[in-house]
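The block underneath contains the structure these notes are about, expressed in structure tokens.
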């Protein structure tokens, strides 16, 4: 039964990846190209030779991007379906599609929005190659912390809901998540490797596109998964009498 | 997550919760699968490498940047 949910999640995740590819190609790629142009100019000014292309830009921005976001979509779809399996019937009186949407919104905030506030996405030419190991470690630490604290706050909110209203318990859970993540952000070191002369506008649009891709993936997962749960409910998703 | 906090009040007339024991094995399997996928898109041939060269990194290069992973 849960296996079916997992398969559904991964298939919907592939769909989410396809839509995310379209979004990324239209709104993200122009800024990747811009950043690569900037990098080329900086290298030329320093008298550095152009880097040899192992994979052409044409492949990177199409098949490479498509492969990456579809694999990511399927992986996140799998994670989503497991979170949904835990949440189903455990979030007050929420229906199956309602649960899907709430879980998707929570995942978007937990996996994308909050980690990216601390460690935003960076286009090519930003980031010192010597610090890649440390930056990757910090990014995944932030991601893991966000997920663990979100799970903890959800469990606490559920236990509070025994004595308080669902509304108050939910707000208290969200408030606790915000406070704990604020502390985590202050505790982790800040990374700022934006080179001089990099257009602030390009950086803003690139980072917004990155958050937009996350919104497309999690939005598709919540809506499409919820629609399937409503239209073709599995035995676990039908309302008990 | 403890099952003891499940009250009949929360469940009456709504969807039944799936027992945690039924979710656990699929949760482990699904998470392992997801971690492998996320690793190859997000970190292989960047901070760490299972395969030599830079082909995986360069192929998923744009996705890695746009999905918000540190790339290089």
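Return yes when residue A:150 is farther than 28 Å from residue B:64 by Cα, within 14 Å of chain B (Cβ to nearest Cβ) and touching a residue at least 40 places away in the same chain (Cβ under 8 Å) and no when it is not.
Considered against the rule, which asks whether it is farther than 28 Å from residue B:64 by Cα, within 14 Å of chain B (Cβ to nearest Cβ) and touching a residue at least 40 places away in the same chain (Cβ under 8 Å), residue A:150 comes out as no.
Pick from region A:208-226 the residues that are more than 13 Å from residue A:20 (Cβ to Cβ) and crowded, with 19+ Cβ neighbours inside 10 Å: which of them is nearest to the other protein chains (Cβ to nearest Cβ)?
A:226
Testing residue A:199 on (1) closer than 25 Å to residue B:23 by Cα; (2) touching a helix residue (DSSP H, G or I) at 6+ places or on another chain (Cβ under 9 Å); (3) surrounded by fewer than 17 Cβ atoms within 10 Å (Cβ to Cβ), one condition comes back false. Which one is that?
(1)
Checking the conditions here, which among A:55, A:32, A:59 is within 9 Å of chain B (Cβ to nearest Cβ) and either closer than 24 Å to residue A:236 by Cβ or crowded, with 22+ Cβ neighbours inside 10 Å (or both)?
A:32
Any chance you could count how many residues in region B:13-59 are in a strand (DSSP E or B) and within 19 Å of residue A:96 (Cα to Cα)?
1
Only one residue in A:18, A:76, A:65 is under 18 Å from the mean Cα position of the chain (by Cα), surrounded by fewer than 17 Cβ atoms within 10 Å (Cβ to Cβ) and modelled with pLDDT of 95 or more. Which one?
Of the residues listed, the single one that is under 18 Å from the mean Cα position of the chain (by Cα), surrounded by fewer than 17 Cβ atoms within 10 Å (Cβ to Cβ) and modelled with pLDDT of 95 or more is A:18.
Go through (1) under 30 Å from residue A:21 (Cα atoms); (2) loosely packed, with under 14 Cβ neighbours inside 10 Å; (3) touching a helix residue (DSSP H, G or I) at 6+ places or on another chain (Cβ under 9 Å); (4) at pLDDT 95 or above and name the single condition residue A:144 misses.
For residue A:144, the exception is condition (3).
For region A:1-92, which helices (runs of 4 or more DSSP H) that fit wholly inside it have 1 or more residues that are on the phi > 0 side of the Ramachandran plot?
Once the helices (runs of 4 or more DSSP H) in region A:1-92 are filtered for at least 1 residues that are on the phi > 0 side of the Ramachandran plot, nothing remains.
So residue A:229 passes all but one of these: (1) more than 30 Å from residue A:45 (Cβ to Cβ); (2) more than 13 Å from chain B (Cβ to nearest Cβ); (3) surrounded by 15 or more Cβ atoms within 10 Å (Cβ to Cβ). Which condition number does it fail?
(2)
Okay, residues lined up against (1) in contact (Cβ under 8 Å) with a residue 60 or more places away in the chain; (2) farther than 18 Å from residue A:126 by Cβ:
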{"residue": "A:17", "(1), (2)": "yes, yes"}
{"residue": "A:23", "(1), (2)": "yes, yes"}
{"residue": "A:26", "(1), (2)": "no, yes"}
{"residue": "A:29", "(1), (2)": "no, no"}
{"residue": "A:49", "(1), (2)": "no, yes"}
{"residue": "A:66", "(1), (2)": "no, yes"}
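Step by step: first the residues of region A:123-141, then only those that are within 21 Å of residue A:107 (Cα to Cα) and facing chain B (nearest Cβ under 9 Å), then the one that is surrounded by the most Cβ atoms within 10 Å (Cβ to Cβ). Which residue is that?
Among them, the one singled out is A:139.
Of all residues in region A:170-196, how many are in a helix (DSSP H, G or I) and either within 20 Å of the chain's Cα centre (by Cα) or crowded, with 16+ Cβ neighbours inside 10 Å (or both)?
Here the count works out to 12.
In this structure, does residue A:113 turn out to be at the interface with chain B (Cβ under 10 Å from one of its Cβ atoms) and part of a helix (DSSP H, G or I)?
No: the conditions fail for residue A:113.
Here are some residues: B:41, B:56, B:36, B:60. Which one is more than 7 Å from chain A (Cβ to nearest Cβ), under 25 Å from residue A:57 (Cβ atoms) and at pLDDT 90 or above?
B:56
The values are calculated or read from the model by the stated rules, or taken from the named source; none is laboratory data. In this text, all values refer to a predicted model and were calculated from it rather than measured experimentally. Cβ coordinates were reconstructed from backbone atoms using ideal geometry, including for glycine residues, and neighbour counts include every protein chain displayed.
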